[in-house]
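Student: A single structure is presented below for examination.
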Amino acid sequence: MQTHDAKRVEITIEAIVKSRLTDALVDQGVTGFTILPVLGGSGRSGEWSRSGQVSRASGMVQVICIIRPDRLDGLLSAILPVLDRHIGVVSVTDCQVLRAERF
Amino acid sequence: MENLLSLAADNLVSPIILSFVLGLTAALARSDLTIPEAIAKAMSIYLLFAIGFKGGVSVAAHGIDATLGLSLIAGVILSALLPLVAFGLLRVLTNLDHVNAGAVAAHYGSISIVTFVAGTSVLESQGLMYEGYMVAVAAAMEAPAILSALWLISRGGGARRMDSDLWREIALNGSIVLLVGSFAIGWITGEDGLAEISSFVVAPFKGVLCLFLLDMGIVAGRGLRAGRGLITMGLLGFGVLMPLIGAGAGLVAALLLGLSTGGAVLLMVLGASASYIAVPAAMRVAVPEANPSIYLTLSLGVTFPFNLALGLPIYVSVARAVTGG
């Protein structure tokens, strides 16, 4: 089976800035992405759990998108100002996709 | 004084407070008791809808007068000014930097709608009437405090510039939209509308409030556990003193407006309560450097239980003594 190189970008970020982030993705021409709820975790800002949150302020989401390798730098430059001072993690991994024209 | 003690004792053994205590105790004891997230969300939607709707019906029944407009203005002014007092008090009592002090101050100018709902429940159990439009005053008091606090923080160069996202977060957050919207529906449909859905918005209200407060107790307990190392004696003192100052300001405004005893209690409650829904969200957008553990633990873990258990009877007793109601 023929596969093609791509980059998988995972952004774990505060739910409160989700729309700002997805707007930045769309502005970069990334119209395909997946948003997942985050159950909990721990990091520099301490331990956190989704259960028992009364405010949207404390929620986290994970936004995943797969793009062509040549678009990676532009995408990262566009999302950096959104992440700015907020809690979050961005990771990039190599992956393979079947239908390259879709990315 | 005897009256206050008896009211406080009655309040402490009410199903609402005991439900909160159960949740708080369970969380502090590390029990695995939880209310599913979706159910907690549904209960908060129900409570906001019911309290807004009943407020609108009350306004439809009694009509509007100049006091409504003046009460709204007074609410906005209170909400805008209380953060300045809170900020000053924090700088005196604690060693918080100006960003964290400003973020905490915003919470104390804004309101807790659950404390307001618990206040209406206490008033009803005491047979005290209140102006239905106080719900609208509650909605009006959500946002001005955020703007005041952002101004305070921006003086030190800490806050982000206001943009459309932030404005949307402040003015159109779900609780404000639901509260104002259900108030409008109640106002438009009046007593006839209430008769149609009273079995939904009136009868189960207190039971749902008990369950919601059970959840709030769990959340407050977890917050207290998580923020144990953060809450200093100065912050603790602020969390108890600031509601009393806010209640005092609310009482003065109520007297100037000529509100009923029940209305005065509710304006005191609004002045005394601290936000833990709308303001934290706005602060995360505008001032992400501020530590949410500080402002959430203070408003939810210290001031909310204080208002619920001791504040409400104090406000009712003081308002009764001052207004003669």
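Laboratory data are not the source of any read-out in this text; all were calculated from the coordinates shown. Please read these numbers as outputs of a predicted model, since none were measured by experiment. Positions of Cβ are backbone-derived with ideal geometry, glycine not excepted, and every protein chain shown enters the neighbour counts.
Student: With just the Cα atoms defining each centre, how far is the stretch B:47-115 from the stretch B:1-42? Give it in Å.
Tutor: Taking the Cα centre of each part, the stretch B:47-115 and the stretch B:1-42 sit 23 Å apart.
Student: Cβ under 14 Å from A:Leu76's Cβ, A:Leu76 left aside: what net charge do those residues give with Lys, Arg +1 and Asp, Glu -1?
Tutor: Result for the neighbourhood of A:Leu76: -1.
Student: Would you compute the Debye intensity of the stretch B:201-264 from its alpha-carbon atoms alone, equal scatterers and no solvent, and pass along log10 I(q)/I(0) at q = 0.15, 0.23 Å⁻¹ to two decimals?
Tutor: The Cα Debye sum returns log10 ratios of -0.82, -0.92.
Student: Quick check on chain B: helices-only [θ] at 222 nm, where DSSP H runs of length 4 and up contribute -39,500 (n - 2.57) each and the sum goes over total residues. Nearest 500, please.
Tutor: Numbers: 16 runs with 243 residues, N = 325.
It lands at -24500 deg cm²/dmol.
Student: Rounded to the nearest 0.05, what FRET efficiency is calculated for B:Ala184 and A:Gln2 with R0 set to 51 Å and r the Cβ-Cβ distance?
Tutor: Efficiency at R0 = 51 Å is approximately 0.30.
Student: A further question follows. Just need log10 I(q)/I(0) for the protein assembly as shown at q = 0.06, 0.07, 0.11 Å⁻¹, Debye formula, equal scatterers on the alpha-carbon atoms, no solvent, rounded to two decimals.
Tutor: Results for the protein assembly as shown at q = 0.06, 0.07, 0.11 Å⁻¹ read -0.27, -0.36, -0.83.
Student: Ok, one more. Can you give the net charge of the other residues whose Cβ lies under 13 Å from the Cβ of B:Ala106, counting K and R as +1 and D and E as -1?
Tutor: -1
Student: Identify the trypsin sites (Lys or Arg not before Pro) of the stretch B:119-199 meeting these criteria: DSSP loop state and at most 15 other C-beta atoms within 10 Å of the C-beta.
Tutor: Those that pass, being in a loop and sparsely packed, are B:Arg155, B:Arg161.
Student: Apply the a/c threshold of 1.5 to the C-alpha gyration tensor of chain B and tell me whether it is rounded, prolate or oblate.
Tutor: Numbers: a/c = 1.35, a/b = 1.22, b/c = 1.11.
Here chain B falls in the rounded category.
Student: Take every residue in peptide B:209-216, count the Cβ atoms of other chains within 10 Å of its Cβ, and give the average of those counts.
Tutor: For this peptide, the per-residue mean of nearby foreign Cβ atoms is 1.
Student: Tell me, what ³J(HN,Hα) does each residue in the stretch B:53-61 have, in order and in whole Hz, if you take phi through Karplus 6.51 cos²θ - 1.76 cosθ + 1.60 with θ = phi - 60° and put x for Gly and Pro?
Tutor: Karplus-based 3J(HN,Hα) across the stretch B:53-61 equals 4, 5, x, x, 5, 4, 5, 4, 6 Hz.
Student: Estimate the FRET efficiency between A:Cys95 and A:Ser42 by the formula 1/(1 + (r/R0)^6), using the beta-carbon distance for r and 30 Å for R0, to the nearest 0.05.
Tutor: Details: r = 26 Å, r/R0 = 0.88.
Calculated value: 0.70.
Student: What number comes out for the charge environment of A:Ser19, summing +1 per Lys or Arg and -1 per Asp or Glu over other residues with Cβ under 11 Å away?
Tutor: So the environment of A:Ser19 carries a net charge of 0.
Student: Which shape class, rounded, prolate or oblate, goes with the stretch B:139-230 when its Cα gyration tensor gives a ≥ b ≥ c as root eigenvalues, a/c under 1.5 marks rounded, and past that a/b bigger than b/c marks prolate?
Tutor: Oblate, since a/c reaches 1.5 and b/c is not below a/b.
Student: Which three lengths, in whole Å and largest first, does the stretch A:4-102 cover when its Cα atoms are put on their principal axes?
Tutor: Each principal axis gives a Cα extent; for the stretch A:4-102 these are 43, 24, 21 Å.
Student: Let me ask another. Calculate one ³J(HN,Hα) per residue across the stretch B:81-93 by plugging θ = phi - 60° into the Karplus curve 6.51 cos²θ - 1.76 cosθ + 1.60, and present them in order as whole Hz with x for glycine and proline.
Tutor: 8, 4, x, 5, 5, 4, 4, x, 5, 5, 5, 7, 7
Student: Next question. 222 nm [θ] for chain A, helices only, -39500 (n - 2.57) per DSSP H run of 4+, per residue, to 500?
Tutor: Result for chain A, helices only: -6500 deg cm²/dmol.
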